[in-house]
1. Considering only the range 50-123, give the strands (runs of 3 or more DSSP E) lying wholly within it that have at least 3 residues that are closer than 14 Å to LEU32 by Cβ.
2. Assess whether THR15 counts as being β-branched (Val, Ile, Thr) and either over 24 Å from THR138 (Cα atoms) or assigned to a strand (DSSP E or B) (or both).
3. On the basis of being open to solvent by 80 Å² or more (accessible area, probe 1.4 Å), under 30 Å from CYS177 (Cβ atoms) and of a type in the set (Asp, Glu), does GLU56 make the cut?
4. Within the range 111-142, restricting attention to residues that are more than 16 Å from the ligand (Cβ to nearest atom) and farther than 25 Å from VAL165 by Cβ, which residue is least open to solvent (accessible area, probe 1.4 Å)?
5. Go through the range 143-164 and count every residue that is in a loop (DSSP other than H, G, I, E, B), among the hydrophobic types (A, V, I, L, M, F, W, C) and surrounded by 13 or more Cβ atoms within 10 Å (Cβ to Cβ).
6. Would it be correct to say that MET46 is open to solvent by 80 Å² or more (accessible area, probe 1.4 Å), within 18 Å of LEU17 (Cβ to Cβ) and not aromatic (Phe, Trp, Tyr)?
7. Restricting the search to the range 134-163, which residues are in contact (Cβ under 8 Å) with a residue 40 or more places away in the chain, farther than 9 Å from CYS177 by Cα and hydroxyl-bearing (Ser, Thr, Tyr)?
8. Find the residue count for the range 83-110, including only residues that are open to solvent by 10 Å² or more (accessible area, probe 1.4 Å) and under 20 Å from PRO175 (Cα atoms).
Amino acid sequence: MLDFYYSTMQGGKSTALLQRRYNLTSIGRRALVMTSSLDDRFGVGMVTSRMGLQCEAQLYTRDSVFAMSDDLVGVDELLIEEAQFLTAGQVKQIHKNLCTDHGLRVACFGLRTDFQGNPFEGAASLLALADNLHEISTLCLCGAKATMNQRVDSKGSPVHDGDIVEIGGDSRYRPVCPKCFY
Ligand SMILES: [Zn+2]
C-alpha cells in the first residue's frame, strides 16, 4: 500500500509524519523514517516539525535504490519525508519492489509543486501511483485554502526566478491560494 500525504510549505507534513510514527509505535508497530539528503535544515538525518517534535531518519539521495534490504526486515511501515525529491524511477521502485512485491506499507510526505507552480518529479509520480492520496491543507494569508508555494525575498516580495531547490530558508516561502499566487 502506497500513501501520499501532500501539503504546501509550512503546511504540517513533518508534523503529520511524526504523528503517524507515534501512532504506529504506540500500538507496537515498527516504523522506519527516511528523508532526503537535500534537506539539511535541522541537521542531516532528522525530521523536525515546527511544533517541536523530531526523530532520526535515514538519508536517501537521487541515486538510492529502493528495494528490500536488511534495514527493512521487521519494519511495518516506511515513512518517507521530502518525497517530492524522489525521482520518478525511485517512486516506481517503491511502488513495485516494496509495496507490491513485498507488501510493505509506505507513506510518503511531500510538496506537490515548486515555487513556479510546476510539479516536482517525485510528487507527479506519487500522485499517479499512490493507492491513497491525503491532502494536509493549510490557509493562505487571505483565508482561502493554500495550495501553492510562493518564494519571497527578504522584504516579502514574490520571487519568480532561481533554483528550484532552495532549502534552508523556510522564511523564504509562504503557502498561498492560486489567486494570491498568480
Ligand atoms: Zn490567498
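The values are calculated or read from the model by the stated rules, or taken from the named source; none is laboratory data. Worth saying up front: this structure is predicted, and the values here are computed from it rather than measured. Counting neighbours? That spans all protein chains shown, and the Cβs are built from the backbone with ideal geometry, glycine included. When the accessible area is computed, the model is the full protein with side chains, heavy atoms only, and any ligands, DNA or RNA have been set aside. Shrake-Rupley method; radii C 1.70, N 1.55, O 1.52, S 1.80 Å.
1. Numbers: elements: 54-56, 58-60, 77-80, 105-110.
Strands (runs of 3 or more DSSP E) meeting the threshold: 58-60, 77-80, 105-110.
2. Values: β-branched (Val, Ile, Thr): yes; either over 24 Å from THR138 (Cα atoms) or assigned to a strand (DSSP E or B) (or both): no.
Considered against the rule, which asks whether it is β-branched (Val, Ile, Thr) and either over 24 Å from THR138 (Cα atoms) or assigned to a strand (DSSP E or B) (or both), THR15 comes out as no.
3. No.
4. So in the range 111-142, the residues more than 16 Å from the ligand (Cβ to nearest atom) come out as 111-112, 114, 116, 118-136.
Filter once more, so that each one left must be farther than 25 Å from VAL165 by Cβ: 131-132.
On the way: ASP131: 88, ASN132: 52 Å².
So, considering only residues that are more than 16 Å from the ligand (Cβ to nearest atom) and farther than 25 Å from VAL165 by Cβ, the one least open to solvent (accessible area, probe 1.4 Å) is ASN132.
5. Pass one, the range 143-164, residues in a loop (DSSP other than H, G, I, E, B): 143-144, 147, 153-157, 160-164.
Okay, now just the ones that are also among the hydrophobic types (A, V, I, L, M, F, W, C), so 144, 164.
The next check asks that each one be surrounded by 13 or more Cβ atoms within 10 Å (Cβ to Cβ); those that pass are 144.
Number satisfying all stated conditions: 1.
6. Numbers: open to solvent by 80 Å² or more (accessible area, probe 1.4 Å): no; within 18 Å of LEU17 (Cβ to Cβ): yes; not aromatic (Phe, Trp, Tyr): yes.
Criteria not met by MET46.
7. SER137, THR138
8. Total meeting the criteria: 1.
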